[in-house]
Amino acid sequence: MKSVETGLLCLILAGAAWTDVSEGRIWNWWLAAGAAAGVWCRGEEFLYAASVVLVFAFLLFHMGMMGAGDGKLMAVIAGYLGMNGGTEAIFMGMLIGAFWSLGRLWHSKGLKTHLIHLIAYFMRMFQTGRTEKYYQKEQKEPACTIPLAPCMAAGTYLYLMVSGAAAMWRQ
């Protein structure tokens with residue numbers, strides 16, 4: 001990936017993380033600018049990877065497990081990095097988010113309650129064969145939600161550092 005493309009991606013991620021932390025949402029115009037820059041930098045490759053990830057992200061959004069902006073941000077990440085790199089970066093971001101969330105739940109002593117709720121959710125889905133929202137908006141507690149964009153940004157930055165170091169090591 002060229003340095004201009006990497007710089008644009010890092011700028012988009014930083015802006016998305018900032019708005020998610022400060023306002024609780026990622027601005028659509030910010031994501032649209034990221035997508036436009038991605039199409040300009042990567043062309044059809046961007047559209048393919050972004051579309052595939054967007055379908056899977058929509059399923060998670062439909063089940064109430066993440067916000068719509070988070071899914072669109074994941075699509076931008078995959079579009080810039082390609083399917084393989086994007087999947088790795090998103091996975092790293094999800095791991096960071098999982099550890100952050102577990103830490104918050106552990107600190108608030110709500111981990112056991114939320115694990116029971118998660119198990120019951122999957123059991124209902126398995127028994128009925130239907131998906132439902134994981135959490136309704138009025139059920140959300142501040143201790144059980146995290147802004148996902150900073151996690152996606154951190155995971156992508158980590159991916160870029162590790163892959164860059166690995167490329168230098170191979171030379």
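Scanning the stretch 15-29 for residues that are assigned to a helix (DSSP H, G or I) and either of a type in the set (Asp, Glu) or within 16 Å of ILE146 (Cα to Cα) (or both) yields ALA16, ALA17, TRP18, THR19, ASP20, VAL21, SER22, GLU23.
This table checks each residue for (1) among the charged types (D, E, K, R); (2) at pLDDT 75 or above; (3) over 21 Å from the mean Cα position of the chain (by Cα).
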position: LEU102; (1), (2), (3): no, yes, no
position: LYS109; (1), (2), (3): yes, no, yes
position: THR113; (1), (2), (3): no, yes, yes
position: HIS117; (1), (2), (3): no, yes, yes
position: TYR134; (1), (2), (3): no, no, no
position: ILE146; (1), (2), (3): no, yes, no
position: TYR157; (1), (2), (3): no, yes, no
position: LEU160; (1), (2), (3): no, yes, no
position: MET168; (1), (2), (3): no, yes, yes
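Hey, ASP20 hits all of (1) within 14 Å of ILE77 (Cα to Cα); (2) crowded, with 17+ Cβ neighbours inside 10 Å; (3) acidic (Asp, Glu) but one; which does it fall short on? Result: ASP20 passes all but (1). For ALA75, are the conditions met, namely being among the small types (Gly, Ala, Ser) and either under 29 Å from TYR121 (Cα atoms) or outside any helix (DSSP H, G or I) (or both)? When the stated conditions are applied, ALA75 passes them. Counting residues in the stretch 40-50 that are open to solvent by less than 90 Å² (accessible area, probe 1.4 Å) and not in a helix (DSSP H, G or I) gives one or more.
Of all the residues that make up the stretch 60-86, how many are open to solvent by 20 Å² or more (accessible area, probe 1.4 Å) and without any contact (Cβ under 8 Å) to a residue 24 or more places away in the chain? Looking only at that region, the number is 4.
The values are calculated or read from the model by the stated rules, or taken from the named source; none is laboratory data. What you see is a predicted model, and the numbers here were worked out from it, not measured in a lab. A quick note on method: Cβ atoms are made from the backbone with ideal geometry, for glycine too, and the neighbour counts reach across all protein chains shown. These area figures cover heavy atoms from the full protein model, side chains too; ligands, DNA and RNA do not enter into them. Shrake-Rupley method; radii C 1.70, N 1.55, O 1.52, S 1.80 Å.
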